[in-house]
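Worksheet: one structure, shown below.
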Amino acid sequence: LSVCANFLSYNVPAIDFLTKSYDLSKAKVVTFSHFIPRKELFFGWPALLEVMGSTKIDKQLRMLQSNVHVFGHSHMDCDRKIDGVR
């Protein structure tokens, strides 16, 4: 199991519980991650682009129907809306 897959697996029980227990389309959902969920959100040094952005994080936050996602790691301000998620 890769390090990335291992960390993502910790979210699975919570995602399963929330998606089965609540109508998330009627909720205001805010999700958080340390790492960037999409490459297009990184505006830093181009050499780092190759390791920035995890589409697997993006997939999980969209399963929760997130309205807003807050991430760290890039040390840069970023405020964009992509496919309905700010």
| field | Residues (among the basic types (Lys, Arg) and within 14 Å of Gln65 (Cβ to Cβ)) located in region 25-42 | value | Lys26, Lys28
| request: Sort through Asp79, Asp58 and tell me the only one that's in a loop (DSSP other than H, G, I, E, B) and without any contact (Cβ under 8 Å) to a residue 60 or more places away in the chain. | output: Asp79
| note | Conditions (1) modelled with pLDDT under 85; (2) open to solvent by 90 Å² or more (accessible area, probe 1.4 Å) -> Phe32 fails only (1)
| Within region 10-18, is there a residue that is outside any loop (DSSP other than H, G, I, E, B), loosely packed, with under 14 Cβ neighbours inside 10 Å and at pLDDT below 95? | no
| task | Can you run down the residue pairs with Cβ atoms below 8 Å, 6 or more apart or on separate chains, where the first is in region 1-24 and closer than 13 Å to Gln65 by Cα and the partner is assigned to a loop (DSSP other than H, G, I, E, B) and open to solvent by 70 Å² or more (accessible area, probe 1.4 Å)? | result | Leu24/Gln65
| remark: Of the residues in region 19-29, those that are open to solvent by less than 70 Å² (accessible area, probe 1.4 Å) and farther than 13 Å from Leu61 by Cα come to Ser21, Ala27
| query | If you take the residues in region 61-76 that are within 11 Å of Ser33 (Cβ to Cβ) and in a loop (DSSP other than H, G, I, E, B), which one is least open to solvent (accessible area, probe 1.4 Å)? | reply | Ser66
| message | For region 25-55, give me each residue that is in contact (Cβ under 8 Å) with a residue 24 or more places away in the chain and assigned to a loop (DSSP other than H, G, I, E, B). | response | Ala27, Lys28, Val29, His34, Phe35, Ile36, Pro37, Arg38, Phe42, Phe43, Gly44, Ser54
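The values are calculated or read from the model by the stated rules, or taken from the named source; none is laboratory data. This one's a predicted model, so the numbers in the text were calculated from it and none came from an experiment. Note: ideal-geometry Cβ built from the backbone for every residue, glycine included; neighbour counts use all protein chains shown. Each accessible area value is taken on the protein alone, full model and side chains, heavy atoms only, with ligands, DNA and RNA left out. Shrake-Rupley method; radii C 1.70, N 1.55, O 1.52, S 1.80 Å.
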